[in-house]
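Below you'll find the structure I mean.
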Amino acid sequence: MSENTSINAAGEAVVKAEHEIGSGMSKKEAKRIRMETMSREELAYLRRKSIAEKVWPFFRFVILFGLGFVIMYPLIYMVSCTFRERSDMNDPTVMWIPRHYTLSIIKETIQAMDFWKTLRTTLVLNIGCSLVQVISCAITGYGFARFKFKGKNLLFGIVIMMILVPTQVISLPLYVQFRYFGIRGLFTVNLIDNMLTMYLPALTANGIRSGLMILIFRQFFKGLPRELEDAAYIDGCGPFKTFIRVMVPNAASSFLTVFLFSVVWYWNDYYVSTTFFTNTKTVALMLTNLDSELKIRLFNDPTVQISPREEIVWKEAGCLLSIAPILVMYTFLQKYFTEGIERSGLVA
Amino acid sequence: MAKKRPDPEIEAAKEKAAQMKAEIGTELPPLKAGDTPSEEPVPAAAAPAKEPKHSKLPYEKRKALYGYGFIALWMVGTLLFFLIPLVTSLYYSFCDVQVNPGSLDTKWVGLQKYSDVLTVDPNYTDYLGDMLLETLWKTPLVLIFSLFIAVILNQKFKGRVLARAIFFLPVIIATGPVYRIINGDMSSTGNTGAAQFSTMFSTDLIGELMNFLGIYGLSDNMGTVISTVADNIFGIVWSSGIQILLFLAALQNIPPSAREAVQMEGATAWEYFWKITFPYVSPFILANLIFTVIDSFTSPMNSVMNRILDMKNDWKFGEASAMAWIYFIIVLAAIGLVTAIVNKFIYYEVD
C-alpha cells in the first residue's frame, strides 16, 4: 500500500514537472536543464549513441548494397544476356545494356530444352515426391519425438548418418539395386529411367535430404506441448488418430515450409537424377546438358562449332528459364521460406 | 467414460498388432528378437473377450509398439535405400569390381584399393588436402559473415523485406546446376569456355568496382589480394543463405527484456553484441558450423567428389568406393572433432 502511494506521488511529481516544462519554458531550455542534470558518462554515452545512429545507416546501406550486388549480379547478367543478340557478346562496348534486343534467344532455348514438356515432367515429379516425402518424414519424425522404444538411439543415429553420408557414396550400389529391383531368384524389374526411383525412396522417408527433414520434424514435434496429445488420449483417440487430428493441424505451417524447401531441393537436384534417369528429363538435367542439346536441336549437327563466348547467351537464357519457376514461387511464398524456419523447429 | 474408452483402443491395438506382426515377420528380421515378448499379449487382447484386456499389456510397451509403427515405413526404406547400399559400397571398396553386361563380378582384394588410392593415384591426396584446407578457412568466414549479416538484417530499416529477400536467394539457387554455371564450373559437360565464366563473374567484378571508384594505380600484389578476396566473397555470400536464416531466427528469440536491461545500463552496441547476442546465438553456431561443414563436404562442386564421379564413370567401382569411404571417414572425424571442441564454448540457457 505504502509503495503504491509513493509511486503515485513520484508519478504526480513527474507529470507536474513535465507540465511546468511544457508551459513555462521553451523546448530548448528544457533540454538544457536535462543535460545539466546528467553526469559526464551519461553525456558521453548519448553523444556516442547519436553519432552511431547517424553514421550506421549509411554504412549499413553500403554493406547491404555491395553484398546484395554480389548476389544479384549473376541474375541481372542472365536477364541482360537472354534478351541480346549473340553478336553483342563479341562487342566490347556491351556490358549490361544490349545493343540489339531480341526474343529469339529465349525462344531457341525453350526449343532446345523442350521447356514446356520438361517443365511439366519436373513439376509432377517434384511436387509428387515432395508431398510424399514430407508426409513420410513427418510420421517418422513424430515417432522419434514422442515414443520410447528399444534401440531408439541407435536408429536415430542412422538418421544422423543419413545426413552425413554423401549421396555419392551410396549412389552406385543404389543404381545396381534399381537396375535389378526385386527379389533375387524370383523376379527382377529394371527400374532405371522409371520415376519410381524417385518416388520409392521419397515414400519411405529416404529421398533427397530426408534425414534433415526427419530431424526438423522431430525437433518440431518435441517442441509442441504434450498436453495436446494427453487430452486426445483421454478422449479415446489412438496414437494414429491423435497424430492426424491433433498434431498435423498444429504443424500446418511447418509442413508448408518443409514442403517448399523440399520442392526446391528436388528442383535443383541433378546428381540423383543423372544417376537414375536416361531418357526422362528434368529441368536441371536439361540445363546441365544444354550445350549438346543446343547443337542437336538447333543446328541439327552435333559437331557444329559455336564460339564459347556466344554460347554464353543460350546458357544464361537456360539458367533464367530454370530458375524462373522457383523464383516466382519464392516471390509469392517468401514469407513461408523465411519466417517458417523459425516455427519449423530447427531453432529448438 | 469407462464404457467409451476400451473400444477404440482395442481396435487400434488389434490393427497395430496385426500390422506390426506383418511388418516384423516379413520385412524387418532384425527387430524380431527384441519384440517377441511384447508380441504375445497383443493377440490375447484381440481375442473375443469383451473385458478391457488391453490393460494386461503395459502402457509403456504399447507405446513402444506404436513408436515402431510410426517409424516402420522409414525403417523399410532405410534398409533398402540406405543401409544395404552403404554396406555394399563398403564391400566394393575391398574388391576388384568388374562390370560385365548383365552382372557385376567382385573379387576380394582386401585393402589394396585403399593403398592404391592413397599412394598410386596422382590426384586424390592432393584434392583431399586442398579440400580440407579450404573447408578449414572457409567455414569460419562463412559463419562470421552470416552472423554479421543476420545482425544487420535483424535491425529495423527501410527496405528490410527486400534486403532479406535478396540475401535468402542463394538458399533456393545455390544447390542447383545454375549455381555451377554462374560459378564458372562446367566440368560435367566438358565445356571449354569455363575460364571465361569464372573471370566474368569474379575478377571482373572487382575490377569494375575499382575503375568505378577511380582507383587504377594499385600494385600487382594488392590486385591479386583483392581479386582473391573477391573470388571468395562470391563463394562465401553464395554459400551462407541457410546460415543467415538460422542466425536470424536465433536473434529473434532474444527476449526484448534483455535489450531493455542493457540499454538501461548504458551498454554500447559492441558490448550488447558480445554480452547478449553472442551467448544467445552460440548454440546455433554449432548447428551452423556442422551444417556448413557438411554442405561443403557434400557439395557436388568439390574436387574430391568430382574425382570420385570420374572414377565411377570409368567403371572403376572399387576405387571409387574406396575413395568415397576414405573421404567419408575423414569428414566424420572432422565433424566429431569440431563438435567436441565447440561444445565446450557454448552457452545453453537453462529453462
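The values are calculated or read from the model by the stated rules, or taken from the named source; none is laboratory data. Just so it is clear, the structure is predicted and the values come from calculations on it, not from any experiment. Cβ: placed from backbone, ideal geometry, glycine included. Neighbour counts: every protein chain shown.
Given region B:246-302, what helices (runs of 4 or more DSSP H) lie entirely inside it while holding 3 or more residues that are more than 13 Å from chain A (Cβ to nearest Cβ) and surrounded by fewer than 18 Cβ atoms within 10 Å (Cβ to Cβ)?
B:256-265, B:278-298
Name the pairs: first residue in region A:38-64 and facing chain B (nearest Cβ under 8 Å) and of a type outside the set (A, V, I, L, M), second residue surrounded by 12 or more Cβ atoms within 10 Å (Cβ to Cβ) and outside any loop (DSSP other than H, G, I, E, B), Cβ to Cβ under 8 Å, at least 6 apart or on different chains?
A:R60/B:I152
Sort out which residues of region A:200-249 are more than 10 Å from chain B (Cβ to nearest Cβ), closer than 19 Å to A:S262 by Cα and in contact with a Gly (Cβ under 7 Å, 6 or more places away or on another chain), and write them in order of number.
Correct list: A:I216, A:F217, A:R218, A:Q219, A:F220, A:F221.
Among the helices (runs of 4 or more DSSP H) lying completely within region A:88-205, list those that include at least 1 residues that are farther than 27 Å from B:V331 by Cβ.
Because the criterion is at least 1 residues that are farther than 27 Å from B:V331 by Cβ, the helices (runs of 4 or more DSSP H) in region A:88-205 that meet it are A:104-113, A:115-146, A:167-179, A:196-203.
What pairs can you find where one residue is in region B:69-84 and within 7 Å of chain A (Cβ to nearest Cβ), the other is surrounded by fewer than 22 Cβ atoms within 10 Å (Cβ to Cβ) and not in a helix (DSSP H, G or I), and their Cβ atoms are less than 6 Å apart, with a gap of 6+ or different chains?
B:V76/B:E27
Just checking, which of B:W315, B:W325 is among the aromatic types (F, W, Y), closer than 28 Å to B:T88 by Cβ and more than 21 Å from the chain's Cα centre (by Cα)?
From the options B:W315, B:W325, the qualifying one is B:W315.
Also, I was wondering about something else. Got a sec? Which of B:P122, B:P140, B:P177, B:P170 is within 19 Å of the chain's Cα centre (by Cα) and more than 8 Å from chain A (Cβ to nearest Cβ)?
B:P140
Restricting region A:245-271 to residues that are of a type in the set (G, A, S) and modelled with pLDDT under 85, which is surrounded by the fewest Cβ atoms within 10 Å (Cβ to Cβ)?
In this case the residue turns out to be A:A252.
One residue is enough: does region B:85-98 have a residue meeting the conditions more than 10 Å from chain A (Cβ to nearest Cβ) and surrounded by fewer than 15 Cβ atoms within 10 Å (Cβ to Cβ)?
Checked against the condition, which is being more than 10 Å from chain A (Cβ to nearest Cβ) and surrounded by fewer than 15 Cβ atoms within 10 Å (Cβ to Cβ), region B:85-98 yields at least one hit.
Which numbered condition in (1) farther than 30 Å from B:V178 by Cα; (2) at pLDDT 80 or above is the only one that A:K31 fails?
The one condition A:K31 does not meet is (2).
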